[in-house]
1. In the range A:342-352, what residues are open to solvent by less than 40 Å² (accessible area, probe 1.4 Å), of a type outside the set (Gly, Ala, Ser) and within 14 Å of chain B (Cβ to nearest Cβ)?
2. Of the residues B:PRO11, B:PRO27, B:PRO5, only one is over 14 Å from the mean Cα position of the chain (by Cα), part of a strand (DSSP E or B) and away from chain A (no Cβ under 13 Å); which?
3. When you scan the range A:117-165, how many residues do you find that are open to solvent by less than 50 Å² (accessible area, probe 1.4 Å) and either outside any helix (DSSP H, G or I) or touching a strand residue (DSSP E or B) at 6+ places or on another chain (Cβ under 7 Å) (or both)?
4. With the structure loaded, tell me whether A:ARG213 is among the charged types (D, E, K, R), in contact (Cβ under 8 Å) with a residue 12 or more places away in the chain and touching a strand residue (DSSP E or B) at 6+ places or on another chain (Cβ under 7 Å) or whether it fails that test.
5. Need the failing condition index for B:ALA48 against (1) of a type in the set (Gly, Ala, Ser); (2) assigned to a loop (DSSP other than H, G, I, E, B); (3) surrounded by fewer than 17 Cβ atoms within 10 Å (Cβ to Cβ); (4) touching a residue at least 12 places away in the same chain (Cβ under 8 Å), just the number.
6. Just checking, does the range A:312-326 include any residue being over 18 Å from the mean Cα position of the chain (by Cα) and more than 24 Å from A:ILE202 (Cβ to Cβ)?
7. Out of everything in the range B:14-24 that is within 8 Å of chain A (Cβ to nearest Cβ) and part of a strand (DSSP E or B), what residue ends up being most open to solvent (accessible area, probe 1.4 Å)?
8. List the number of the failed condition for A:PHE300; all other conditions in (1) open to solvent by 10 Å² or more (accessible area, probe 1.4 Å); (2) more than 30 Å from A:LEU427 (Cα to Cα); (3) without any contact (Cβ under 8 Å) to a residue 40 or more places away in the chain hold.
Amino acid sequence: MAFFSLGSSGRGRGKAGDGRKPPSYSAAGLLARGLTGEDWPRVWRDVPLQSSYDVIIIGGGVHGLATAYYLATNHGITNVAVLDKAYLGSGGSGRNTAIVRSNYLTPEGVAFYDRSLNLYNTMTEDLNINVMFSERGHLTLAHSDSALRTMHWRAEVNKLQDIDSSVIDPQQVAEIVPSLDISPDAHHPIMGALYHPPGGIIRHDAVVWGYARGADARGVEMHQKTEVLDILCTGGDGPDGKGPGGKVTGVRTNRGDISAPIVVNCTAGWASLISDMAGVRLPITTQPLQAAVTEPVKVFLPAVVVSGSLHVYVSQTDRGELVFGAAVDPFTNYNVRGSLEFTEGLAGHILELMPGVSKMRLLRQWAGLCDMTPDYSPVMGFTPVEGFLVDVGWGTYGFKAGPVSGEQMAEAIATQQTPKLIEAFKLSRFEAGTLVGEKGAAAVGH
Amino acid sequence: MLLVPCPNCGPRNASDLRHVGESTARPDPSTASPEEWRTYLYLRDNVADWNVETWYCTRGCRKYFKLERNTATNEFRNPPLPGTKVGGKA
């Protein structure tokens, strides 16, 4: 019946933690506003910053907001503030190429991303916002024998965990995506592909807004333009009580000090700088990843196409634009300017795959910051500083893991135990030497 | 993308070189503790500021050298003067 309910979104909002359902969006509400011209209410509240919270989450992207949302919905912890130095979704959450999939290489990775894909599948109903999930299939092309061997390996790992994933030959590739050049004379001939039907694309802004709106309705506060300048600690080995053995007491922001027993770092490219504030060093370097979009044309590309060897991945949005992404820039930096090398390389590679798009024009290009780890797997959970948790190291694959990361981080905070699904991604793996090598499926493939 | 001031070859596009990464001191293998090795292997300062890093001139002089770069703005500072002999045996 939600479809027919008149959307009275946002009115009569109660106090924090009163357990109200989020105000609903509906077709009838859309029609009514179309006829009356009435303004839509604000999607989340703008409330004054308090001096203390139960949990502070640094970073208002999909990871931070999902953590806040699941803390409130699954565990009833609603005295939570999400802080962002800019606006919600201004970082990687709004800069990625919106591809989701679960055909990873390690069993840990596969189980984790499969859960994320399941959460994405029901997100439109769960959050009552149209995230436009388009389950269109995902092709990872193989241009060499060794690439094909890795595809077979991945397919077998995937099948063991009930993931729909198989290796197909060039003819089958051409049946799915006719615009690909499958001739054996190509410089990088297509020798086969890993086909993953459940993969697809999603509207990333809606995911951010959906989580923000859902969390807000349950009492979580979102504070934009609130930059964390320092993390306050006591009892640690380092200066000012920071470092291992210490305990978090709060954060210092550009709007004053806030106290909290739990502080969560969800800041992607800025993750190592934020963790340094608590005296926790992370094995992370920051590199930008560039992406670009063309002018819109008639829909001709029915699946997501990825080529690891050619460093390119491409999908066509519902509006008809081609969205491209590549590997990270070849040196560490915090600069999100585009470069000519990227455009040049991209054009060359995409024309090898799809000669037919030679007349298409690029509309714009941009970059986002990626927090790269040595093993291409994230760092999640507790740190040597009590009360300071991290959900970082998401490199070039953070968006597709957003929902499950939020769910698992919320569980870790509520139960004070590391959930099984993220056990492999703990920070101490770098001491124990139990790295989770995911480079084969995550370095370029998106 | 980035013009890297190679002391032997002059300014060259970053794609002609390899970014080895932030310069770190290799601990002495005979005395280093596991923790020191871990730090050397995995941990970097990753600052958004001036930083000393190592480059390798892959398609030019094929020497390793250190440069100071601001990772927030991508400017170089005090590059070794052209003609200054750098690199060679480590």
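1. Matches in the range A:342-352: A:PHE342, A:THR343, A:LEU346.
2. Being over 14 Å from the mean Cα position of the chain (by Cα), part of a strand (DSSP E or B) and away from chain A (no Cβ under 13 Å) holds for just one of B:PRO11, B:PRO27, B:PRO5, which is B:PRO11.
3. The number of residues fulfilling the criteria is 22.
4. Judged against the criteria, A:ARG213 is not a match.
5. So B:ALA48 meets the others, but not (3).
6. The answer is no, given that none of the residues of the range A:312-326 is over 18 Å from the mean Cα position of the chain (by Cα) and more than 24 Å from A:ILE202 (Cβ to Cβ).
7. Taking the candidates together, the pick is B:ARG18.
8. (3)
The values are calculated or read from the model by the stated rules, or taken from the named source; none is laboratory data. Keep in mind that this is a model prediction, so the values were computed, not measured. Every residue, glycine as well, gets a Cβ built from its backbone with ideal geometry; the counts of neighbours run over all protein chains shown. Just so you know, the surface numbers come from the protein's heavy atoms only, side chains and all, with ligands and any DNA or RNA stripped out. Shrake-Rupley method; radii C 1.70, N 1.55, O 1.52, S 1.80 Å.
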